[in-house]
1. Identify all residues within the stretch 503-519 that are surrounded by 14 or more Cβ atoms within 10 Å (Cβ to Cβ) and either hydrophobic (A, V, I, L, M, F, W, C) or under 28 Å from the mean Cα position of the chain (by Cα) (or both); write none if there are none.
2. Which one is nearest to Leu115 (Cα to Cα) among residues in the stretch 202-230 that are part of a loop (DSSP other than H, G, I, E, B) and of a type in the set (Gly, Ala, Ser)?
3. Tell me which residues, restricted to the stretch 597-618, are outside any strand (DSSP E or B) and loosely packed, with under 15 Cβ neighbours inside 10 Å.
4. Counting only residues that are among the acidic types (Asp, Glu) and over 17 Å from Ile429 (Cβ atoms), how many does the stretch 95-142 have?
5. Select from the stretch 400-439 the residues that are hydroxyl-bearing (Ser, Thr, Tyr) and touching a helix residue (DSSP H, G or I) at 6+ places or on another chain (Cβ under 7 Å) and write down the one among them that is nearest to Glu237 (Cα to Cα).
6. Would you tally the residues in the stretch 598-615 being of a type outside the set (Gly, Ala, Ser) and touching a residue at least 40 places away in the same chain (Cβ under 8 Å)?
7. Of all residues being at pLDDT below 95 and acidic (Asp, Glu) in the stretch 25-56, which is nearest to Gly358 (Cα to Cα)? Just the residue, please.
Amino acid sequence: MGMNAAQKILSSHLVSGRMAPGEEIAIRIDQTLTQDATGTMAYLQFEAMGVPRVKTELSVSYVDHNTLQTGFENADDHCFLQSIAAKHGLFFSRPGNGICHQVHLERFGVPGKTLLGSDSHTPTGGGIGMVAIGAGGLDVAVAMAGGPFYMNMPKVVLVKLTGKLGPWVSAKDVILELLRRQSVKGGVGKIMEYGGPGVKTLSVPDRATITNMGAELGATTSLFPSDDITLEFLSAEGRQSAWTRIEADPDASYDEIIEIDLSALEPMVAQPHQPDRVVKVKDIEGLKVNQVLVGSCTNSSYRDLMTLAGILKGKKVNPGVSAGVSPGSRQVFEMIARNGALADIISAGVRVLEATCGPCIGMGQSPCTDGVSVRTFNRNFEGRSGTRSGKIFLASPEVAAAAMLTGRMTDPRSLGESVNVTLPQKFLIDDGMIIPPSNNPEEVEIIRGPNIKPLPIREPLPSSMAGKVLLKVEDNITTDHIMPAGSKILPLRSNIPAISEHVFEGVDKTFASRAKAAGGGFVIGGENYGQGSSREHAALAPMYLGVKAVITKSFARIHRANLVNFGILPLTFVNAEDYNSVLPDDELKIENILNQLEESQTLTVTNATRGTQFAVRHDLTGRQKDIILAGGMLNMMRGKN
């Protein structure tokens, strides 16, 4: 029997393990990327490993998140990142060069290669046939040091596309439809591989939009074949030599098949406060809109901004709407400036922002109180925009443009003839803001600002643990809930003592102070705990506050791995009903942990307050047990060196 595309790439990179769903495998990593919100910590961890130069084929450090410089912190981190890149063998993409996923797709991505990134939307690279996976910064640091990446072998799901998208319907509607069907938990433990005749109708920017937002399904990654359309894109980028054909064999098998008829799709929108609360735009048509933003790593390509410009040309933004656009890369920015599309956007009354993530992570452009904001972004978690009462809707550039013009949620099909964008045969190529590593690394001095603090280290796992339930939360708690983003908190990413003061701030403002006063304790969660961003600070800062274990109904993949990496026990209820019996401030105990971990997948937890016991599972592999016992990945690696 033949192989699917995901199996072909994974098998060619397999270091250890068997490629059976659920079994732990290790794969060789060809490329890595980091961004500045996660990069500083990743490079501090890399330094701690004592490896002088990265051992990957290519590693790139991007600055695209913390570009709002309201104090010294972000600028200092940028200096640190640039000097680290020069000394340790990385390329450095300067502030203003663009969003990591868009730039990497344009300038560095290679079909058939593996890419590990300290950002959950790294699967954007699947749009050109890479196995691109988001992970915590420590996992990326290990890969840069030459280590493999460990994960449980995902199931491979075929998303079979037929037909062709109709007028005013775009790639964003494809992934929104998949989220509507599958939910934010539907991709957990899976690779979403796209196939079928409909694939040939989608450009690389279309494909990248879909793979990017596959992260919202909880998928390990998403993948399109590398075909003639991929070759056209890479040729336009002057990188045709990077192309290779990667397609599923005709007799390839899959663990599951989902069919989507592209011609049957309509303009869609995700309602607050989850990306899977998807409805047809026509079902909520007429809703007053206060703000519209186009950009983010999901929809900021040349295709997206040319679509916006074409719809707005000769028109004006509704006076009740605040509109903004952030190009995905300097390449896109300069091209629309040179061909006049940027002038059309500006003339319509749209505010032009930097080529960065910006508003998607709460870095500016927060909506007004109770404001309705339509965004072409990938996440609409409560408070992520910077306005707690903001109501964030996720939609395509077509839907966003219609809302800009009408001031209301509007089905764009009512606007008349659609705008069709043809990708250029040659993109504008200028890598002048990508700095290669130094040829004389021994002469490079690492620049460290006062906000960069030493790495906190956890002690090895004790023989027993006890403590209070510090917090109990519901299903679908995101890493934004655990460790918020935004212009106030993101600059503290390299200062764990300072950023830990904001853990669970939007859920319970007293959490940090109570955790410290109690000497740490336990967190109880529902289903899909830790979904969303790859930010390892959502594990690292709770570890600093003394969180000993997190007990949930289920975990999101990246966050669970981050908890293990920093020595926090990730446990799940054997009986989900036991979730209801555990209350805040209950005293929990887990005795004889070391023996329990060795002897069984199940541990016994005593609720001293209730006089009861309940069972939990750890599901740790042998390797993960060693990490937990050592008190985290860094401790274990130090022990080996």
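1. Step one: of the stretch 503-519, the residues surrounded by 14 or more Cβ atoms within 10 Å (Cβ to Cβ) are 503-508, 511-512, 514-516, 518.
Result: Val503, Phe504, Glu505, Gly506, Val507, Asp508, Phe511, Ala512, Ala515, Ala518.
2. The first filter runs over the stretch 202-230 and keeps only residues part of a loop (DSSP other than H, G, I, E, B), leaving 202-203, 218, 220, 224-225, 227.
From the residues that got through so far, the ones that are of a type in the set (Gly, Ala, Ser) too are 203, 218.
Values: Ser203: 21, Gly218: 18 Å.
So the residue we want is Gly218.
3. We begin by selecting, within the stretch 597-618, every residue outside any strand (DSSP E or B); these are 597-601, 608-611, 618.
Glu598, Glu599, Ser600, Gln601, Ala608, Thr609, Arg610, Gly611, listed by residue number.
4. Step one: of the stretch 95-142, the residues among the acidic types (Asp, Glu) are 106, 119, 139.
If we keep only those that are over 17 Å from Ile429 (Cβ atoms) as well, we get 119, 139.
Qualifying residue count, the stretch 95-142: 2.
5. Of all residues in the stretch 400-439, those hydroxyl-bearing (Ser, Thr, Tyr) come to 406, 410, 414, 418, 422, 438.
This time we only want the ones that are touching a helix residue (DSSP H, G or I) at 6+ places or on another chain (Cβ under 7 Å), so: 410, 438.
On the way: Thr410: 35, Ser438: 25 Å.
Only one residue fits best here, namely Ser438.
6. Here is the first cut: in the stretch 598-615, the ones of a type outside the set (Gly, Ala, Ser) are 598-599, 601-607, 609-610, 612-614.
Filter again for touching a residue at least 40 places away in the same chain (Cβ under 8 Å), leaving 605, 614.
Residues meeting the conditions: 2.
7. Residue satisfying both the conditions and the ranking: Asp36.
Conditions tested, residue by residue: (1) more than 25 Å from Ala538 (Cα to Cα); (2) out of contact with any Phe, Trp or Tyr (no Cβ under 7 Å at 6 or more places or on another chain); (3) not basic (Lys, Arg).
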residue: Gly98; (1), (2), (3): yes, yes, yes
residue: Gly112; (1), (2), (3): yes, yes, yes
residue: Ser118; (1), (2), (3): no, yes, yes
residue: Thr122; (1), (2), (3): no, yes, yes
residue: Gly127; (1), (2), (3): yes, no, yes
residue: Met130; (1), (2), (3): yes, yes, yes
residue: Gly137; (1), (2), (3): no, yes, yes
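The values are calculated or read from the model by the stated rules, or taken from the named source; none is laboratory data. Because the structure is a prediction, the values reported are computed rather than measured. Using ideal geometry, Cβ is built from the backbone for each residue, glycine included, and neighbour counts are taken over all protein chains shown.
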